[in-house]
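Undergrad: I have a structure I would like to understand better, so I am pasting it below and will then ask my questions one at a time.
Any read-out appearing in this document is the output of simple, stated calculations on the displayed coordinates, not a laboratory observation. As the structure is a computational prediction, the values presented were derived from the model and not from experiment. Cβ sites come from the backbone with ideal geometry, for glycine too, and all protein chains shown count toward neighbours.
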Amino acid sequence: NYDPYTSYGIYLYRSAYCTLTGNAFYDNKANFYVKGYGGDITYYIHYIDSTNTVNGKAIFYILDDHDKVYDGSVLDFGYLAWISCDHMTAQNADVEGILMVNTVDSLISNITSHGTYNGIFLVSSYHNDIEDCTLYDNDYGMTIDDGSYYINIRNCVAYNNSKSGIYNRENSNHNTFENCITYNNGYSGFDIYNAESVSIINCTTYNNTQFGVKTRLGIKYLFLENIVSYDNTKDGFKIEGAGMGPSGENYIKDCTAYGNSGYGFYLRFCSATNLTGNAFYDNAFNFHIDGTQMLHYQHSIDPSNTVDGKPIYYLTGQSDLTLDETNNIGYLGLISCTNITVKNSDVQGVTMADTTDSTLLNVTSHHSYYGFSLMDSSYNEFIDCTARDNNKHGMQSKYSPYNNWINCVSDRNKGGMHFYHADHCNIINCTNSNSGGASEDGIWFQYSWDCNIINCESYNNKDGIYFWSSSDRGNIINNSVHHNSRYGIYMSSSSNDKMIYHNIFANNGQYNVRDRCSNQWDNGYPSGGNYYSDYTGIDIFSGPGQNISGSDGIGDTPYIVPDGLNQDNYPLMSPPDGTSPIITDVMATPALQKYPTEPVNITCMVIDNVVVDTVKVHVDGPEGFTLEEEMNEGSYWYEAVYSILGEYDYFIWANDTSGNIATSDTYSFRVTDIVLPISSVDTLPLWTNTVPFTVTATADAPIAVVDVTLYYRYSEDGTDWTNWTLYSVDDEEPWSWEFTGSDGYYEFYSIARDETDVEDPPSTADASTGIDTVPPVTTIILDGTMGDNGWYISIVTATLSATDDLSGVDATWYRIDTGYWQLYNTPFTISDDSVHTVEYYSSDNALNTEDTNSIDVKIDKIPPITTHEFEGIPGADGWASNVTVTLSATDTTSGVDHTKYKLDDGEWITYTEPFDVTEDGEYTLYYYSVDLAGNTELTKEVDFKIDHDTVPPVTTHEFEGTMGDNDWYTSNVVVTLTGEDDSSGVDYTMYKLEDGTEWQEYTGPILVTEDGEHTIMYYSVDKIGNEEDEKGPFDFNIDQTPPTIELTWDDENSKLVADVDDET
């Protein structure tokens, strides 16, 4: 990696507005580099003219330009930067860096960039194309950063970069990499960090120091198609989310990973990822899914994905299924399943999440992250299962209580059986050994209460059994814990109230037992406690107080448990040993002894939970030969010369000081003085779907094999065979042939030849296989009540039937709409009203996968709903006017086909538009609708009556005021008009005051204030339009002004004269 303080000629970092002129930078690890921070383009604004050079070639640092072409075949430049440019082109050049900042709609073509930090570096740029470029000897071949989007990268090669070949980071979304190659890079071939909608298509990545394709943090809508990732030091594909937001909804199709030293494919902390047609094989660990939440396990992964040629079964939401060896499972996922049985299967990983009431029987899981991984899964049983050679724990159980592990083996994993927040689990008759090469714990508990370990053996681990962090209660009974490098059993951090008795703790490294908590280490007298190989007490007394003369098999003094206040009051003097010795690493050297006068050395390893007593080897050979001898101690070996030519079978017998006996499997070695060459075709898979395929053979001869000939014969049906036919001769080791043929059955044998002799033909074939290149054919039968227009009006039962003429059908899969793929077992039902799409396909035993079939299933079980509306003028008894009838029908699924109606006992009429009923009378309206599926609504009925209103309303008036004399009001007068209509009701009332005025609509009481003689006329109209005859005029008089009196004195007549006046 470049040191920015010593590796650069000049490095402008988070600087702005610098001016450079006439500078020369050469023979540095990196001559010239500019980098800002966080997408702020200010850090890239500098004034750098072309008098500056890198290794003698001009620097072109261009600001705010457009529509320019920089062609290296015409213009020799060493570094090119475009800052806030558009529609630019760079092509045909060998440079030390390309920088694009805030640049759009530009092209970089046929550029070689090397010897800098980022060969091509994009910052906040978009809608650009990069094609046919080569990037090497940089830190990063290409970096797309800080919100650069819609970048299309095609046909580029990135290799020998000290970090990643191609790095897409920090919200640089919607970018596409197509037909690119990355290899020999120091980190990843492709590194995608916190970005969405990135596509990598038809690319190859290999020999990278860590990952082929690596994603990190906040990855969504990732699309990977037809990528080959191989021979990387870690993983071929590591798709990892979490940290900066949800990660998922990725699509990974037709990708291949092989020969990687880590995982072929590792999916972690993502959700809703879709995998189809991917192949992972010959990796250290082929496939794994991991997470901390249920959503991290909810993916769509169909069995077109394979591990070492075997289909991945990733079942979601299924129940009541049985899978076995005929399903040829490569990896098993059970997500939100119930009552699943899996038996007799050899898989590369088991993942169970939110799965209950299921049983795994005789399942071996190997070469995965965990052998068996449980998340939020309960009430399951694992019987006779084996986890071996996994990268982490053999059995991992998180947040998964109430599971039983019975007769299970965890061997040669990095960790043994680990239980985290897994209460009420039982481990019975299980064996844990060699966890992490004796660097990890055999059986480990944290925050797990009420767990029982009974009749188990734990050896060659770091700690045989380890309880930590509030793992209280439970029983540890009849276990054998021995030969662990640190502790036999360790209780720590508040793991209390356990019953521990009748166990063997022997030959462990630092301590046989260690307890910092409070537990019961014996079962009282006379049952006793445990056997400890480091107990130094004697047994000359007996009784509960160990004070009665005579031995009883219990130590006279307690065994003090180290590291706390616990003690075993009744330690056992001899082990309750029912455990046989363990025999491993059995080997004969050489397995093929070509020189009968030379010895064969048989070796093995034997350990016991207490003490090994005797180890013997038993050999049976040709001509009745038999031998049984005690093996030399230590690593146990026996060496002898076997002069009779032929095959020898042998096994190892061992016992311990308790009398327990173990017998190994039977092995063989061969002694020969090879006269004729010998050869044999190696084992072939039962079926293959690819031609040509490779046939290999092994061969030997007294001196040297010259060549090997392959013979074959063919059968269409496996019964009638052709004659043996010579296929081809291979004259160079390794002996192999690319065999091609038509579909059918094949048998093979080989003939080896040395310089003088030829091998005799064998009496039977060496190997056989079948070629099946034709996928199965699946048909579907739908059973339900058919309505109209292709709609079912009932629940539909779908039955799938698959046929395959050669290898036979392996499995049939289906899904409804966009749900998870389901393994077909029995007919399934489709019940919801809707237009459903059922997709289905089958695969055969040769792993041919049928193209996905689909059929639309239209279901509408619910009839339409029709409502009515009457429009008219209500009367006192029914309707006072003609009635307009409107019918409205709805159907949310198939839609309404038609609506029918009738009045009383009339004919049914198809409703097309609102209709009027005009005659007086009492009516019953009947109506119903039919949908396009043929569902008929129950007939509805409604009564209504028409009694036309022909009588006009009647209006009356009322005057309100203070009445004086002679029908004169002496106050304002309020005139109130009241209209009444016994049927349709009054619509409006008209009036006019005084003769000759305009008619006005009456809206409320009328206030009249002027003195004088007044008249009012009025009439009303009902809602039908019946108009009352005009009434009036009606008179009323108002005089609110008193008379005036003017007094004068009449001198002539000597009297007072009053002049009285009233104007009204």
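Undergrad: Kindly provide the GluC sites (Glu not before Pro) of the range 899-953 that DSSP labels as loop, not H, G, I, E or B, and whose Cβ sees at most 14 other Cβ atoms within 10 Å.
TA: Glu907, Glu919
Undergrad: Okay, next question. Give me the extension gain from Asn825 to Asn92: residue separation times 0.36 nm, minus the current Cα-Cα distance, reported in nm with one decimal.
TA: Between Asn825 and Asn92, full extension yields 257.8 nm more.
Undergrad: How about the range 621-667: which GluC sites (Glu not before Pro) there are in a DSSP loop, with at most 15 other Cβ atoms within 10 Å of their Cβ?
TA: Counting only loop positions with at most 15 other Cβ atoms within 10 Å, the GluC sites (Glu not before Pro) in the range 621-667 are Glu633.
Undergrad: How large is log10 of I(q)/I(0) for the chain at q = 0.04, 0.08, 0.09, 0.10 Å⁻¹ when the intensity is taken from the Debye formula with one equal scatterer per alpha-carbon?
TA: Summing over Cα pairs of the chain leads to -0.43, -1.07, -1.20, -1.30.
Undergrad: DSSP loop chymotrypsin sites (Phe, Trp or Tyr not before Pro) in the range 963-1064 with at most 14 other Cβ atoms within 10 Å of their Cβ, which ones?
TA: Trp999
Undergrad: Answer with one residue from Ser435, Trp449, Ile406: the one whose Cα lies farthest towards the positive end of the charge dipole of the range 393-501, charges on Cβ with Lys, Arg +1 and Asp, Glu -1.
TA: Ser435
Undergrad: How high is the FRET efficiency from Ile862 to Leu686, r the C-beta distance, R0 56 Å, rounded to 0.05?
TA: Using R0 = 56 Å, I get an efficiency of 0.65.
Undergrad: At a threshold of 8 angstrom on Cα-Cα distance, excluding pairs fewer than six apart, so keeping six or more, what relative contact order does the chain reach in percent?
TA: It comes to 3 percent, rounded to a whole number.
Undergrad: Moving to a separate point now. Placing +1 at every Lys and Arg Cβ and -1 at every Asp and Glu Cβ, with all other atoms neutral, what dipole size does the range 723-856 have around its Cα centre, in debye to the nearest 20?
TA: 940 debye
Undergrad: Something else about it: Using alpha carbon centroids, what distance separates the range 461-529 and the range 1-60, in Å?
TA: So the separation of the two Cα centres works out to 66 Å.
Undergrad: Using a basic spin-label model with each label point 7 Å from the Cα along Cα→Cβ, how many nm lie between Ala16 and His898?
TA: In this crude label model, Ala16 to His898 measures out at 7.7 nm.
Undergrad: Simple spin-label model, 7 Å along Cα-to-Cβ: Thr614 to Val69 in nm?
TA: Once both label points are built, they end up 9.4 nm from each other.
Undergrad: Moving on. Could you give the size of the charge dipole of the chain about its Cα centre, using +1 on the Cβ of each K and R and -1 on the Cβ of each D and E, expressed in debye and rounded to the nearest 20?
TA: Computed about the Cα centre, the dipole is about 8140 debye.
Undergrad: So if I average 1/r over every pair of distinct C-alpha atoms in the range 100-206 and take the inverse, what Kirkwood radius in Å does that give?
TA: 12.9 Å
Undergrad: A follow-up question, please. Non-local amide H neighbours of Val157 (under 5 Å, H modeled in plane, Pro and chain starts lacking H): which ones?
TA: So Val157 has HN proximity to Cys133, Thr134, Leu135, Ile181.
Undergrad: Here's something else I'd like to know. Would you mind counting up the charge near Phe1036? Only other residues with Cβ under 10 Å from its Cβ, with Lys and Arg at +1 and Asp and Glu at -1.
TA: After counting each charged neighbour, the total is -3.
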